[in-house]
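The values are calculated or read from the model by the stated rules, or taken from the named source; none is laboratory data. Note that the coordinates shown come from a computational prediction; the quantities given were computed from them, not determined experimentally. Here the Cβ positions follow ideal geometry from the backbone for every residue, glycine too, while neighbour counts run over all protein chains shown. Areas reflect the complete protein model, heavy atoms only, side chains present, ligands, DNA and RNA absent. Shrake-Rupley method; radii C 1.70, N 1.55, O 1.52, S 1.80 Å.
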Amino acid sequence: MVVLLSGNGSNLQALLDQQPNYSYEVVGVISNRPDAKGLQRAELAGIPAITLDHKTFPGREDYDQALITRIDQFEPGLVVLAGYMRILTGSFVRHYKNRLMNIHPSLLPDYKGLDTYKRVLNDRQRQHGTTVHFVTEALDSGAIIAQATLEIAASDDEQSLCKRVQRMEHRIYPIAVDFYTSGRLSMDDTRIRLDNIPLGKKGYQLDEQTLIEQL
Ligand code: GRF
C-alpha cells in the first residue's frame, strides 16, 4: 500500500512498527508538504519517501492527476490516508474506489471535519473515538470499516483526549488495514462484510480497554 500524509506521521509509524504482525506492506509514502515529519519516518524505515508539493501546481485537478500518476507507479492494492490534510477531487476518489482508506478522529457520522476534540468537549459528550472508513466524495462519509470508542473523563482536556484517541488509532489502523489486505473484507455498493458477515453501519467495534490490553 501507499500512505499519503501531510504532517507528523504517527499513524504511519504505527503501521510500520506493526507491519511484521500483519499482511500489509507499505511500499511508498507521499507527502504534499516537504517538511512533513512522516517523510523522515519513511526514510528511516527504508521506504521511498516522496514530496509532491501542492504549491507547485496550478490547481487541485492538476495536482491530483500528478498524485495518481505517482501513486500508480508503485502499483498499490490500497491507498491509506494518514493525516493527509487536503481535500481530494472526485476524479481521485473515483480512481481508487473501494481501495482508499482514511482514519478520522471522531465516532462518525458524528463530528465530521476539523477540531473534533474541542467540539466534543464543548458539547459535553460522554464518548469520543476514531473511525477507519473508505473514502467517498462526500467528506468523512464513506462506509465504516472499524471504530474505537472511549469514555471521556471529567479531567480530560483537548490535549489528553487527543493523546488517548491517537493511542487507539495506532492500534486500530493496522487492524483495519489488515482486514482489507488479508482479504477478510468485501464490499458491494451497500455494505461491508468481514469474514462474509455483514458489518453494521458503525463497522467493527473496539474500545479503549481492549486496544490497550493488546499493546
Ligand atoms: C490523526 O489523528 C488522524 O485521525 C487524522 O490526522 C491525524 C494524523 O496524525 N486524520 P499523524 O500525522 O498520523 O500523527
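Residues whose amide H falls under 5 Å from that of G7, counting only those 5 or more places apart or on a different chain, are G38, with hydrogens built in the peptide plane. Taking amide H atoms as placed 1.01 Å from N in the peptide plane, the amide H of I50 lies under 5 Å from those of V29, I30, S31, each 5 or more residues away in sequence or on another chain.
Taking amide H as placed 1.01 Å from N in the peptide plane, the amide H of A146 sits under 5 Å from that of V132, Y204, each at least 5 places away or on another chain. Listed values for segment 173-187 are Karplus-derived 3J(HN,Hα) couplings in whole Hz (6.51 cos²θ - 1.76 cosθ + 1.60, θ = phi - 60°), namely 5, x, 5, 5, 5, 5, 3, 6, 6, 8, x, 7, 9, 9, 10, and x replaces Gly and Pro. Would you compute, from DSSP H runs of 4+ residues alone, the mean residue ellipticity of the chain at 222 nm, taking -39500 (n - 2.57) per run and dividing by the full residue count, rounded to the nearest 500? About -10000 deg cm²/dmol.
Is segment 2-214 rounded, prolate or oblate when judged by the Cα gyration tensor, a ≥ b ≥ c being the square roots of its eigenvalues, rounded requiring a/c under 1.5 and prolate requiring a/b larger than b/c? Here segment 2-214 falls in the rounded category. Given +1 at the Cβ of Lys and Arg, -1 at the Cβ of Asp and Glu and no other charges, the dipole of segment 2-214 around its Cα centre is 220 debye to the nearest 20.
Averaged over its residues, the chain has an accessible area of 50 Å² per residue, based on protein heavy atoms and a 1.4 Å probe. Inter-label distance, M187 to M85: 2.6 nm, where each label sits 7 Å from its Cα along the C-beta direction. For the chain, the antiparallel share of DSSP beta bridges with both residues in that region comes to about 50%. Loop-located trypsin sites (Lys or Arg not before Pro) in segment 1-101 (DSSP state not H, G, I, E or B) with no more than 15 neighbouring Cβ atoms inside 10 Å: K97.
Between G183, Q166, A138, whose Cα lies farthest towards the positive end of the dipole of segment 134-215 when Lys and Arg beta carbons carry +1 and Asp and Glu beta carbons carry -1, centred on the Cα centre? Towards the positive end, the residue furthest out is G183.
Using Cα springs under 10 Å in a Gaussian network model of the chain, which residue among D110, D189, D35 shows the largest mean-square fluctuation? Answer for the Gaussian network model of the chain: D189. Taking the 1.4 Å solvent-accessible surface of the chain as the whole, the part contributed by carbon and sulfur is 47%.
Note on the chain: GNM, Cα springs under 10 Å; of I175, I152, I197, the largest mean-square fluctuation is that of I197. Here the relative contact order of segment 1-132, from alpha carbon pairs under 8 Å that lie six or more residues apart, stands at 25 percent.
What trypsin sites (Lys or Arg not before Pro) does segment 100-155 have in DSSP loop regions with at most 15 other beta carbons within 10 Å? Filter output for segment 100-155: K112, R124, R126. Could you tell me the distance between the Cα centroids of segment 185-215 and segment 55-117, to the nearest Å? Taking the Cα centre of each part, segment 185-215 and segment 55-117 sit 22 Å apart. For the chain, the number of Lys pairs with C-alpha atoms closer than 22 Å, counting only pairs eight or more positions apart or on separate chains, is 9.
The GNM of the chain, with springs linking C-alpha atoms under 10 angstrom apart, assigns the highest mean-square fluctuation among G38, G83, G46 to G46. The rule of thumb for compact globular proteins, 2.2 N^0.38 Å, goes into the C-alpha radius of gyration of segment 52-115 1.21 times.
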